Amino acid sequence: MVQKAPEPKSNLRSRSWRLGRTIRKRPYFETVEYRVLLGYRRRKKGNNGTWVVRVTRDGTDWTKAIGKADDYDEAVAGTDILTHSQAQEDAKKLANAGKPSGTNTVKAALDRYEHDLKSRDGDPGNVVRVRAHLSEELGSKAVGALTQNDLTAWRDELKTKMAAASVNRTMSALRAALNVAADGNERITKRPWKTGLKRIKGASTSRNVILTEQDVRTVIGAAYQDSKEFGLLVELAAVTGARPSQLMKLQGEDVQVDFVDQNTGKRTPRLMMPVSRKGRGEKTTPRRPVPIPEALAKRLAGLKGQLLKRPDGGTWAKRNVSRQFKDAINGVKLTPTPTTATVTMYALRHTSIVRQIKANVPIRIVAALHDTSVVMIERNYSEYIADHADDLARPALLETMAEVIALPPPTTKARAKKGVPEVPG
């Protein structure tokens, strides 16, 4: 076996040593500081070589050209020709730029992700959720320096504070922020959050709370006892099944009292409901029509500007409607399913979806009216879909206990063909 000749000891400071090297693509390296290497790549004869820096720390491994070597030309200010000592200094500066500096930390990544969400009309509440549980130590770490153990420890701590489904939602937002940071920094070559923040299995079990029709009316009445403005908000939530965030964006012109269906010629009052900021991908339709009762449409007709306002004229967007809903129904007797469940405002949305499923509305239409997907409907309301399917399929079942039609006995010819001997009479 032919043994490979050992690499010559680096002496990049020496111009003559550099020019005596073999022309090759792979640089000759020397150590500048811990895991920071200065490299020299020999180019064609008569040309200056190239200085490069390689950094293999903080979870990164990257190489970058920083200038030309002073092999034949002298280093002059204003040019990209560098001496050996100048190249060393530039290599250190580039390497240390990857250390926590306030611009490449986890906190900074969350700030950039929040700005990105706002620019795409996304929900910045996802970032707020992460910040509420982010430790100072983890937040001040450089994204490129994160390890799987760092992230797994944070995930396990979350599991002691909240339900598994909430842990998954919080981790999902942090993963997204870290991915945005890594996409914008070619030096981050490893993404330990793929394994360190892996979703907890079995956490998506549906916990939807369903109310009876009488309970829904009771809840609406309790909300009107709070104020007519809050009552209208809750009534619309119950009728349309929309999320509170969608209802808060409704404008007076979104009410279409005299809309006429071109196919049937009938007048069908409706709301042009703003879509939510949930889901992946960009939604091409900013509003979707949702039918509402005629009596409700007439009450909404003629309103200008923001459709739903607080008693003081402000918007509901800056009020904790979840807390107000809880206070409004405090002491009201309800019979939710499951009976031990806590009734929140989202119970009105779940009840609306189940009501339409049981009324034989096609699942695709149920999903469209509630600004969600068929996949999410099937995942979260499968038991009600199964009950619905049972009702539809039962009339088509084959009744095997019905009277069987008597067939005539086989002929002698048929018996002989099957090899059955004729039995003498």
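Here are a few things to note about the model shown:
- Filter pass, R187 being over 22 Å from R379 (Cβ atoms), touching a Gly at 6+ places or on another chain (Cβ under 7 Å) and either outside any helix (DSSP H, G or I) or of a type outside the set (F, W, Y) (or both): yes
- Subset of region 314-330 (residues that are modelled with pLDDT under 90 and either assigned to a loop (DSSP other than H, G, I, E, B) or more than 32 Å from the chain's Cα centre (by Cα) (or both)): G314, R319, N320
- Qualifying residues in region 356-370 (those that are part of a loop (DSSP other than H, G, I, E, B) and in contact (Cβ under 8 Å) with a residue 12 or more places away in the chain) - the one surrounded by the most Cβ atoms within 10 Å (Cβ to Cβ): H370
- Residue match in region 126-148 (condition: part of a helix (DSSP H, G or I) and in contact with a Pro (Cβ under 9 Å, 6 or more places away or on another chain)): yes
- The listed residue being hydroxyl-bearing (S, T, Y) and either over 30 Å from T56 (Cβ atoms) or in the same structural domain as T351 (by TED's automatic domain parsing) (or both), out of T152, T170, T147, T189: T170
- Filter result for K159 (surrounded by fewer than 15 Cβ atoms within 10 Å (Cβ to Cβ), within 19 Å of the chain's Cα centre (by Cα) and at pLDDT 90 or above): no
The values are calculated or read from the model by the stated rules, or taken from the named source; none is laboratory data. It should be emphasised that the depicted structure is a prediction, and the values quoted were computed from it without experimental measurement. Glycine gets a Cβ as well: all are built from the backbone with ideal geometry, and neighbour counts include every protein chain shown.
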